[in-house]
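What follows is one structure encoded as structure tokens, with my remarks underneath.
Each value in this text was obtained by applying a stated rule to the coordinates, not by laboratory testing. Computed from a prediction, not measured in an experiment: that's the story for all the values here. Neighbour counts are summed over all protein chains in view; Cβ atoms, including those assigned to glycine, are modelled from backbone coordinates with ideal geometry.
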Amino acid sequence: MNTAEKLFYKYGFHATGVKSILDQAGVAPMTMYYHFQSKEDVIKEILIRREKEYFQSLESKINKENGINQYVESLIKEHLNWIETDGFNGCLFLRAKQEYESVNEEISALSKEHKKTLLNKIENDLQLFRASESFGMQLFIILEGLTSMAQILELEEVKKTSKDLAISIQVSE
């Protein structure tokens, strides 16, 4: 699964064949097909696993204890840490959605649900601070923008700008 995820990230889902995955992983076809019926099943499992890891990472690092400004700062910081360590080539969920829209609705739906789950998590967290309804969507858009810009600019530049951004959106408590 780790090998498949790395190859999907590097080359895309359609461009990565099962043979490439098996050769790089040193796994026999019979072993893969014992656990998965198809490449699409591998992709679904990778997305499910990745989502779980992402939300565990967020939950362990974001600060909900010291007010909304600490929450925003820690959310942005942890999202950027995730990009630096695990999102080296953009958002795997968006890539899956783009490649599988109208081809495999299960994979496309997993991708869309991941984004909805992130938005819902932010909105639920913000209820602790009685933030405006639109603030959750604003933070979500900021995270998506950071993900995108990290693919275009140097990550250190994106990090610096994100710190400035977090300061500029300080919310009075």
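Does any residue in region 68-90 that is closer than 20 Å to GLU157 by Cβ and free of Cβ contacts under 8 Å to residues at least 40 places away in the same chain come within less than 6 Å, Cβ to Cβ, of a residue that is hydroxyl-bearing (Ser, Thr, Tyr) and surrounded by fewer than 20 Cβ atoms within 10 Å (Cβ to Cβ) six or more places away or on a different chain, and which pairs are these?
TRP82/SER57
Go through (1) closer than 26 Å to GLU65 by Cβ; (2) touching a helix residue (DSSP H, G or I) at 6+ places or on another chain (Cβ under 8 Å); (3) without any contact (Cβ under 8 Å) to a residue 60 or more places away in the chain; (4) among the hydrophobic types (A, V, I, L, M, F, W, C) for PHE129 and report which single condition fails.
(3)
Can you confirm whether region 37-55 contains a residue that is free of Cβ contacts under 8 Å to residues at least 12 places away in the same chain, farther than 30 Å from ALA131 by Cβ and out of contact with any His (no Cβ under 9 Å at 6 or more places or on another chain)? Talk me through it step by step, then tell me what you get.
Of all residues in region 37-55, those free of Cβ contacts under 8 Å to residues at least 12 places away in the same chain come to 37-38, 41, 52.
Pick out the ones that are also farther than 30 Å from ALA131 by Cβ and you get 37-38, 41.
Imposing the further condition that a residue be out of contact with any His (no Cβ under 9 Å at 6 or more places or on another chain) reduces the set to 37-38.
Yes, there is a match, as at least one residue in region 37-55 is free of Cβ contacts under 8 Å to residues at least 12 places away in the same chain, farther than 30 Å from ALA131 by Cβ and out of contact with any His (no Cβ under 9 Å at 6 or more places or on another chain).
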